[in-house]
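Okay, structure first, notes after.
Any read-out appearing in this document is the output of simple, stated calculations on the displayed coordinates, not a laboratory observation. None of the values given here were measured: they were computed from a predicted structure. So basically every Cβ, Gly included, is an ideal-geometry build from the backbone, and we count neighbours across all protein chains shown.
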């Protein structure tokens with residue numbers, strides 16, 4: 001019998017609007033039951049609307065748009081996605097093949113931070129909806145554990161922040177690595193709250 005695995009997903013987008021913004025990067029990590037990385041997948045995603053959206057975001061005065069432009073310009077994601085021009089249909093197919101080759105099934109939850117956001121974007125995208133359908137409806141949301149820790153024991157929460165030191169460059173594999181390191185810390189140290 002094969003060992004159970006965890007499957008972590010993350011996406012980067014042009015904003016927070018599921019109906020109007022685009023997926024521009026997807027990533028996945030296959031993890032063993034001890035949360036050690038077995039394999040990874042990452043790819044930029046291009047659509048014909050991306051150049052116009054990037055231009056719009058650059059010209060926008062909205063603070064959230066300015067944040068996205070600064071973030072994805074500094075981390076190189078806009079430039080990479082525009083240069084590579086990897087079509088969503090191909091990336092979604094490659095991601096689905098990657099996950100299936102590692103044994104994902106309808107019994108498996110998706111692990112990530114605020115993973116409901118990622119899955120909502122996947123479900124809304126014609127090409128990526130099939131990726132979401134590979135999984136169970138369940139999520140293992142690391143950000144929920146983080147919020148519980150912050151409420152139950154603010155001192156341990158601060159210690160976790162200091163010890164895990166999340167990377168904030170907003171590229172999928174670095175974000176997934178941060179989620180996994182955070183989850184490991186919480187599993188090893190607990191949610192606190194004991195007085």
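Output yes when any residue across the stretch 24-43 is in a loop (DSSP other than H, G, I, E, B), within 16 Å of the chain's Cα centre (by Cα) and on the phi < 0 side of the Ramachandran plot, and no when none is. No, that holds for no residue.
Does the stretch 60-71 contain at least one residue that is within 17 Å of residue 172 (Cβ to Cβ), touching a residue at least 12 places away in the same chain (Cβ under 8 Å) and in a helix (DSSP H, G or I)? Steps first, answer last, please.
Step one: filter the stretch 60-71 for residues within 17 Å of residue 172 (Cβ to Cβ), giving 68, 71.
Then keep just the ones that are touching a residue at least 12 places away in the same chain (Cβ under 8 Å); that gives 68, 71.
From the residues that got through so far, the ones that are in a helix (DSSP H, G or I) too are 68, 71.
Among the residues of the stretch 60-71, at least one is within 17 Å of residue 172 (Cβ to Cβ), touching a residue at least 12 places away in the same chain (Cβ under 8 Å) and in a helix (DSSP H, G or I), which makes the answer yes.
Which one is farthest from the chain's Cα centre (by Cα) among residues in the stretch 95-117 that are assigned to a helix (DSSP H, G or I) and either closer than 14 Å to residue 144 by Cβ or without any contact (Cβ under 8 Å) to a residue 24 or more places away in the chain (or both)? Residue satisfying both the conditions and the ranking: 101. Residues that are in contact with a helix residue (DSSP H, G or I) (Cβ under 6 Å, 6 or more places away or on another chain) and over 20 Å from residue 15 (Cα atoms) were ranked within the stretch 64-103; the one that is surrounded by the fewest Cβ atoms within 10 Å (Cβ to Cβ) is 96.
This table checks each residue for (1) at negative phi; (2) out of contact with any helix residue (DSSP H, G or I) (no Cβ under 8 Å at 6 or more places or on another chain); (3) assigned to a loop (DSSP other than H, G, I, E, B).
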{"residue": "132", "(1), (2), (3)": "yes, no, no"}
{"residue": "150", "(1), (2), (3)": "yes, no, no"}
{"residue": "155", "(1), (2), (3)": "yes, yes, no"}
{"residue": "158", "(1), (2), (3)": "yes, yes, no"}
{"residue": "166", "(1), (2), (3)": "yes, no, yes"}
{"residue": "169", "(1), (2), (3)": "yes, no, yes"}
{"residue": "174", "(1), (2), (3)": "yes, yes, no"}
{"residue": "182", "(1), (2), (3)": "yes, no, no"}
{"residue": "191", "(1), (2), (3)": "yes, no, yes"}
